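Data block below; observations after.
The values are calculated or read from the model by the stated rules, or taken from the named source; none is laboratory data. Just so you know, these numbers come straight off a predicted model, no measurement behind them. Note: ideal-geometry Cβ built from the backbone for every residue, glycine included; neighbour counts use all protein chains shown.
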Amino acid sequence: MYDLFPIEIASSGLSAQRVRMGAIASNLANANSTRSADGAGPYRRRMVRLQAGTLPAFGQAFADALASGRAAEASSGLGGERSRWLAEGHVRGVQVLGIEQDSSERLVYEPQHPDADAKGYVHYPDVSVISEMTDMMMASRSYEANLAVIKNTRDMLNQMLELLKA
Amino acid sequence: MFDRLFDSTSRILAKGLELRTLRQSFLASNVANAETPNYRPVDLDFRATMANLVGEMHRADAAQTTQAPLELARTDSRHLGAEALDGATLSQGGIVFAAGDDYGTGNDSNATSLEEQMGRLQMNSIQHAALTRIMAQRLGALRNILESTARS
């Protein structure tokens, strides 16, 4: 059912962007947290790593779609090249590879702070509010774009379904 | 019987719809991976792939029937033919990657331009809508014929 592949792909984009939003929210909320939950130093900035993931079923669907247009005897043409496309799996969703932690710290001289070290410096997480905000805008634009793909594809499928109406 | 009912135009339309839907997957993939490092945007070369499929369809039809393929009569040597549809004159078709020039433009080596992909997406769905409209009209014509035979 490759008609639904675009929706599947865009959904993977939506969830990846949501994860990204979560990491950004966490970074912003903890921009000044001098302690992490495990007590080992300040909060660590979270970074989401995205990776293009394969959709194995797509290769077969693509082959079928190309094959259904041809009769058995007319099998020349796309042969070798087609198998190359399928092997490489060109259509990809996106997946979250992992959430990394950035261990860099920002030192601020605040001797009276309870978490200050022996020299009077407080270790803050290296969160730049400005870059988190721009990241947030990018994530939400990306989310919108994926949503637009879903709406667009839904409209296409609805038009096809209209054909069945008398 | 259905071969008669659904002639080659309907089959070509169906093929076109199928390829448009496939192309939607390619574009969706680009949008989903707009921020994936090292991702190369892909696209389906609709024109070449379609020409290939139609060419194959025609050749298969020609092999199955003794009937001569339906062609435009040429009464003058300067008339344009319909060779472009036999697929032989066009490239093999298939997936197209972003051109080498715009590959790796961003810091993350991802050349996807979201605006461009959204534009292509819109164009693709408009073309799809056009094909659906034509398909609906053809089905409507068939329905008319069936209804008129029922009445008489």
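Looking only at region A:100-144, residues that are under 17 Å from the mean Cα position of the chain (by Cα) and free of Cβ contacts under 8 Å to residues at least 40 places away in the same chain come to 5 in all.
Of the residues A:109, A:43, which single one is more than 30 Å from residue A:152 (Cβ to Cβ), modelled with pLDDT of 90 or more and either surrounded by fewer than 14 Cβ atoms within 10 Å (Cβ to Cβ) or of a type in the set (S, T, N, Q) (or both)? Break it down stepwise before answering.
On the way: A:43 fails: either surrounded by fewer than 14 Cβ atoms within 10 Å (Cβ to Cβ) or of a type in the set (S, T, N, Q) (or both).
Criteria check complete, one pass: A:109.
Residue by residue, here is whether (1) at the interface with chain A (Cβ under 7 Å from one of its Cβ atoms); (2) buried (at least 18 other Cβ atoms within 10 Å of the Cβ); (3) part of a helix (DSSP H, G or I); (4) touching a strand residue (DSSP E or B) at 6+ places or on another chain (Cβ under 7 Å) holds:
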{"position": "B:12", "(1), (2), (3), (4)": "no, yes, yes, no"}
{"position": "B:16", "(1), (2), (3), (4)": "no, yes, yes, no"}
{"position": "B:22", "(1), (2), (3), (4)": "yes, yes, yes, yes"}
{"position": "B:28", "(1), (2), (3), (4)": "yes, yes, yes, no"}
{"position": "B:34", "(1), (2), (3), (4)": "yes, yes, no, no"}
{"position": "B:39", "(1), (2), (3), (4)": "yes, yes, no, yes"}
{"position": "B:50", "(1), (2), (3), (4)": "no, yes, yes, no"}
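Taken over region A:16-49, the residue count meeting the criterion of being farther than 21 Å from residue A:128 by Cα and at the interface with chain B (Cβ under 10 Å from one of its Cβ atoms) is 1.
If you scan region A:1-15, which residues turn out to be of a type in the set (Ser, Thr, Tyr), more than 8 Å from chain B (Cβ to nearest Cβ) and either under 8 Å from the mean Cα position of the chain (by Cα) or surrounded by 24 or more Cβ atoms within 10 Å (Cβ to Cβ) (or both)? Quick ask: steps written out before the conclusion?
Of region A:1-15, the ones of a type in the set (Ser, Thr, Tyr) are A:2, A:11-12, A:15.
Right, trim to more than 8 Å from chain B (Cβ to nearest Cβ) and you get A:11, A:15.
A:15 - this is the single residue of region A:1-15 that is of a type in the set (Ser, Thr, Tyr), more than 8 Å from chain B (Cβ to nearest Cβ) and either under 8 Å from the mean Cα position of the chain (by Cα) or surrounded by 24 or more Cβ atoms within 10 Å (Cβ to Cβ) (or both).
Looking only at region B:83-103, decide whether some residue is more than 10 Å from every other protein chain (Cβ to nearest Cβ) and at pLDDT 70 or above. There is no residue in region B:83-103 that is more than 10 Å from every other protein chain (Cβ to nearest Cβ) and at pLDDT 70 or above. Test residue A:60 against the stated conditions and say whether it is surrounded by fewer than 22 Cβ atoms within 10 Å (Cβ to Cβ), more than 9 Å from every other protein chain (Cβ to nearest Cβ) and modelled with pLDDT under 90. Answer is yes for this residue. The number of residues in region A:76-106 being among the hydrophobic types (A, V, I, L, M, F, W, C), at pLDDT below 70 and surrounded by 11 or more Cβ atoms within 10 Å (Cβ to Cβ) comes to 3.
Within region A:133-150, take every residue that is small (Gly, Ala, Ser) and surrounded by 20 or more Cβ atoms within 10 Å (Cβ to Cβ) and give me the one that is farthest from the other protein chains (Cβ to nearest Cβ). Across region A:133-150, the extreme among qualifying residues is A:139.
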